[in-house]
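First up is the structure itself, then whatever we jot down about it.
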Amino acid sequence: MSKRLLLVGAGHAHLEVIRRLKSEAWVNVEVCLISSSRYQYYSGMFSGFTEGLYSLEDTRVSLEKITREARIHFIEKTVVSLRPKQKKVICHDGSVYPFDVVSFDIGSKSLPLAFEHTVARTIKPNYEFISQIEEIRNTTHPLIVGGGAAGTELALSIQTYKEKNQIPGQVKLVTAEKVMNGFPKLVSTRLKSLLIKKGVQVWEDESVEEIHDHYIVTDSGNKIRHTSVLWLGGASAEPIFKRSGVEVDEKGFALVRDTLQFQEYDYIFGSGDCVTLTAYPELQKSGVYAVKQGPVLWNNLSQFLSGQPLQEYDPQKNALYILSTGKQQGFMVYGPLSHHSRQAWKLKNKIDRDFMAKYK
């Protein structure tokens, strides 16, 4: 008797599962991918696209193509509800899809609910990013909210694009903490200096409380004018898990075990930014870790479907980060070490292009 596996979302780990299925198909298992878009965009190349280094096609994978090659049924819909005990998911149009096993890799949200009806934009869902950034980068005083890796990288990419295309004005960056908070102090200090040197105006330790059409207001009462707002202030959870009644952390991310299974349900798996590992609750929501979860997820889905023991995911102690800083230069961070050079960008470019080549 055949089983049905639903893959909800096409994040890094699910792309790896789909790639493996091209050559290692499961017997008597029907696999379906449900995704909101026909394309999966790779956020690691967003800064390069913003600056003008990559084309649209460089940044995305055709889900129709790769699912067809892997003999997977592709469904272009958005899952809005999970009924774990009934083993069903429900999509935005009311359609219901039953499953024997389901895996979620849907990423996270960025823009807080309080600001969803303002002029602020975000990189999520990522299939909307391209059109949004094409508009934002052409305005005179775009404002980035968030001083993490994504915020600093895109601030530098937009500033570089503006200089290349002789668009007047400056990029502004506002962060509630320090630039690259959570990294060693020297890394934070160096990157802040680099932002300022390249022409980005920076406000640290200020939270955004109000967003208006032409200015924001911070918790210190600072009024900062803008011509567009891009919110990159950290990950927030999609509401689907909290609504479904599965165990979530205090932010609403689904809790999973080391095997990437949900706390209470062996037949529900999760990976990437949409989940929190109970053993590593402080692990950053980053593609650096999501990529490494792909092979573990593939193994564990295979083992679960055949009734075999599962593998535990053990995240690496130190992760390599390389931020594009404009003009084909990169800022590389590994633990307490950092290095800024053209060679760092070349390494990032190779890593990103090699990653995409695996799934094209």
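Quick one: which of 135, 128 is open to solvent by 30 Å² or more (accessible area, probe 1.4 Å), touching a residue at least 24 places away in the same chain (Cβ under 8 Å) and assigned to a helix (DSSP H, G or I)?
Details: 128 fails: touching a residue at least 24 places away in the same chain (Cβ under 8 Å).
None of the other options fit; the residue is 135.
If you go through the stretch 45-63 and pick out every residue that is surrounded by 14 or more Cβ atoms within 10 Å (Cβ to Cβ) and either acidic (Asp, Glu) or under 28 Å from residue 264 (Cβ atoms) (or both), you end up with 2. Exactly one of (1) part of a helix (DSSP H, G or I); (2) within 28 Å of residue 277 (Cα to Cα) is unmet by residue 345. Its number? It is condition (2) that residue 345 fails.
The single condition among (1) free of Cβ contacts under 8 Å to residues at least 60 places away in the same chain; (2) open to solvent by less than 30 Å² (accessible area, probe 1.4 Å); (3) on the phi < 0 side of the Ramachandran plot; (4) not β-branched (Val, Ile, Thr) that residue 199 does not satisfy is (3). In this entry, residue 163 is excluded by the filter for residues that are more than 24 Å from residue 46 (Cα to Cα), among the charged types (D, E, K, R) and open to solvent by 10 Å² or more (accessible area, probe 1.4 Å).
Note on the stretch 1-16: residues that are over 15 Å from residue 268 (Cα atoms) and either in contact with a helix residue (DSSP H, G or I) (Cβ under 6 Å, 6 or more places away or on another chain) or surrounded by 17 or more Cβ atoms within 10 Å (Cβ to Cβ) (or both) total 5. Of all residues in the stretch 279-290, those satisfying the criterion of being open to solvent by 60 Å² or more (accessible area, probe 1.4 Å) and either closer than 18 Å to residue 110 by Cβ or not aromatic (Phe, Trp, Tyr) (or both) are 281, 282, 284, 285.
Starting from the stretch 96-123, take each residue that is open to solvent by 20 Å² or more (accessible area, probe 1.4 Å) and list its partners that are modelled with pLDDT under 90 and of a type in the set (Asp, Glu), counting only C-beta distances under 9 angstrom and pairs at least six apart or across chains. So the pair list comes out as 121/128.
With 111, 154 as the choices, which residue is in contact with a strand residue (DSSP E or B) (Cβ under 9 Å, 6 or more places away or on another chain), part of a helix (DSSP H, G or I) and farther than 26 Å from residue 295 by Cβ? Only one candidate qualifies: 154.
In the stretch 331-352, the residues that are closer than 21 Å to residue 58 by Cβ and in contact (Cβ under 8 Å) with a residue 40 or more places away in the chain form Cβ pairs under 6 Å with partners that are part of a helix (DSSP H, G or I) and not β-branched (Val, Ile, Thr), at six or more places apart or across chains, as follows: 352/44; 352/45.
The values are calculated or read from the model by the stated rules, or taken from the named source; none is laboratory data. Remember, predicted model here, so these are calculated numbers, not experimental data. Glycine gets a Cβ as well: all are built from the backbone with ideal geometry, and neighbour counts include every protein chain shown. These accessible areas exclude ligands, DNA and RNA; they are computed on the full protein's heavy atoms, side chains included. Shrake-Rupley method; radii C 1.70, N 1.55, O 1.52, S 1.80 Å.
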